[in-house]
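First up is the structure itself, then whatever we jot down about it.
The values are calculated or read from the model by the stated rules, or taken from the named source; none is laboratory data. Since we're looking at a predicted model, the values are computed, not measured. Don't worry about glycine lacking a Cβ; one is built from the backbone with ideal geometry, like all the others, and counts go over all protein chains shown.
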Amino acid sequence: MLIAEGRVRVGGKVVRDAALRVDLNRDRIVVDGAPVIAERKVYVMLNKPRGLVTTRDDPQQRDTVYACLEGLDLPFVSPVGRLDKASEGLLLMTNDTHFANRLMDPASHLPKTYHVQVGTVPDEAMLEALRAGVTVDGETLTATSITLLRSGGRTAWLEIVLDEGRNRHIRRLLAAHGIEVKRLIRIAIGRLPLGDLAKGAARHLTPEELALLEG
């Protein structure tokens, strides 16, 4: 409507073609005499608690990860990928779609590291079976690495690294071997660690942390 009414100027000229391509770094865009200023890009990390869903609005009225952003002065941001309701740990949120798409692109093979508590103590044979991968519902589920961190009693902690992110990837991989997941925590994305960020807390990424996600 604004364009059709001649209220938009690009480089000083009225434009009426909504399909016109512009260079946001070069072309000056004005609407009703006021310049259009690109929204500041923000990059946030949060430590997702268990029980929150990774969505803006939930039809079932469940609590969402946006509760962790209360008190921060932010434009609208979206999650970079997902953690399911029962999972915890590092989640990134941003309004930079190019940044988000690059991180989520399967071709990037960006590793994501998880610590997983399981309801068994796997022996080396079971670990080798997990490392071999499994096909579930026509999907091949594999991990970059699976390492036993520690064990005690009837449970153990595994470190699992993925370079792809299929739906409920780790839970389905382990379930195919009859292994119960008790906790699942993402502790790093690429070279960016969750660190000591408190559960439920959120903060802006530093320039140094952003650099850890570059390439």
- line: Here the qualifying pairs (Cβ atoms under 7 Å; residues six or more apart or on different chains; first in the stretch 43-65 and at positive phi and not assigned by TED's automatic domain parsing to the domain that holds P79; second at pLDDT below 95 and of a type in the set (D, E, K, R)) come out as none
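Would you mind stating whether T113 is polar (S, T, N, Q) and closer than 19 Å to V80 by Cβ?
Working: polar (S, T, N, Q): yes; closer than 19 Å to V80 by Cβ: yes.
So T113 fits the description; yes.
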statement: Restricting attention to the stretch 190-215, the residues that are aliphatic (A, V, I, L, M) and loosely packed, with under 13 Cβ neighbours inside 10 Å number exactly 3
- prompt: For residues in the stretch 152-169 being farther than 25 Å from L205 by Cβ and in contact with a Leu (Cβ under 8 Å, 6 or more places away or on another chain), which is surrounded by the most Cβ atoms within 10 Å (Cβ to Cβ)?
  reply: L158
- prompt: So H115 clears everything in (1) of a type outside the set (K, R); (2) surrounded by 15 or more Cβ atoms within 10 Å (Cβ to Cβ); (3) touching a Lys or Arg at 6+ places or on another chain (Cβ under 9 Å); (4) not assigned by TED's automatic domain parsing to the domain that holds A156 except one condition, right? Which one?
  reply: (4)
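Quickly run through the stretch 60-74 and pick out the residues that are part of a loop (DSSP other than H, G, I, E, B) and either under 20 Å from F99 (Cβ atoms) or of a type in the set (D, E) (or both). Write out each step before concluding.
So the first thing to find is which residues in the stretch 60-74 are part of a loop (DSSP other than H, G, I, E, B), and the list is 60-63, 70-74.
Residues satisfying the conditions are D63, E70, L72, D73, L74.
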task: Among residues belonging to the stretch 95-148 that are hydrophobic (A, V, I, L, M, F, W, C) and within 13 Å of the chain's Cα centre (by Cα), point out the one that is nearest to H177 (Cα to Cα).
output: L110
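Is one or more of the residues making up the stretch 81-89 modelled with pLDDT of 80 or more and either in the same structural domain as Q117 (by TED's automatic domain parsing) or surrounded by fewer than 10 Cβ atoms within 10 Å (Cβ to Cβ) (or both)?
Narrowing the stretch 81-89 to residues modelled with pLDDT of 80 or more: 81-89.
Retained after the next criterion (residues that are either in the same structural domain as Q117 (by TED's automatic domain parsing) or surrounded by fewer than 10 Cβ atoms within 10 Å (Cβ to Cβ) (or both)): none.
Among the residues of the stretch 81-89, not one is modelled with pLDDT of 80 or more and either in the same structural domain as Q117 (by TED's automatic domain parsing) or surrounded by fewer than 10 Cβ atoms within 10 Å (Cβ to Cβ) (or both), which makes the answer no.
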field: Selection status of T94, polar (S, T, N, Q), touching a residue at least 12 places away in the same chain (Cβ under 8 Å) and within 24 Å of T142 (Cβ to Cβ)
entry: no
message: If G153 meets every condition in (1) touching a residue at least 60 places away in the same chain (Cβ under 8 Å); (2) on the phi > 0 side of the Ramachandran plot apart from one, which number is that one?
response: (1)
task: Check whether at least one residue in the stretch 108-118 is within 25 Å of R203 (Cα to Cα), in a loop (DSSP other than H, G, I, E, B) and either small (G, A, S) or in contact with a Ser or Thr (Cβ under 9 Å, 6 or more places away or on another chain) (or both), and report yes or no.
output: yes
